[in-house]
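Notes for the one structure printed next.
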Amino acid sequence: MIRRATHSVALLLIRTDDLLRGRLAVRQEPLVRSLGYVLVITILCGSIYGATMGSFGGWQDGRWVLQIYAAIKVPMLLLVSFWIAIPSFFVINTLNSSS
């Protein structure tokens, strides 16, 4: 059981490294699968980062609620800002490729 979990984490880290280094696009994967993977990584890593930021004040006096709130808020912030910026990126890319 532990070996299988370790293998899954290692595979996730390898795929994340491929994504960040631009090698994931070289593989001919369907776009929906690649976007799903990016979505999962954004939510997972954003939640971990948000929980880490929320733990700044410690666990006393009900501060654990802040940690949960930050773990939910950070992935939402990343995804909403991504979807707001997509139309601008599309327009800029279209204008650059037409000239």
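Can you give the calculated 222 nm mean residue ellipticity of the chain, where each DSSP H run of n ≥ 4 adds -39,500 (n - 2.57) and the sum is split over every residue, rounded to the nearest 500 deg cm²/dmol?
That comes out to -28000 deg cm²/dmol.
Only sites in a loop by DSSP and with at most 11 other Cβ atoms within 10 Å count here; which chymotrypsin sites (Phe, Trp or Tyr not before Pro) in segment 28-99 make the cut?
Qualifying residues, ordered by number: TRP59.
What number, in percent, do you get for the relative contact order of the chain if the mean sequence gap of Cα pairs under 8 Å and at least 6 apart is divided by its residue count?
In percent, rounded to a whole number, it is 20.
I need the phi-derived Karplus couplings for segment 58-64: 6.51 cos²θ - 1.76 cosθ + 1.60, θ = phi - 60°, integer Hz, Gly and Pro marked x.
These are the phi-based 3J(HN,Hα) values: x, 10, 6, 6, x, 6, 5 Hz.
Compute the long axis of helix 2-20 from its Cα atoms, compare it with the longest principal axis of the Cα atoms of the chain, and write down the angle in degrees, 0 to 90, nearest 10.
Helix 2-20 and the main axis of the chain meet at about 40 degrees.
Just the C-alpha atoms of segment 30-98: what Rg/Rh do they give, with Rh taken as the Kirkwood radius?
Ratio value, two decimals: 1.19.
Since every read-out is calculated from the coordinates, none of them should be taken as a lab result. As the structure is a computational prediction, the values presented were derived from the model and not from experiment. In this analysis, Cβ positions are derived from the backbone assuming ideal geometry, glycine residues included, and neighbour counts consider all displayed protein chains.
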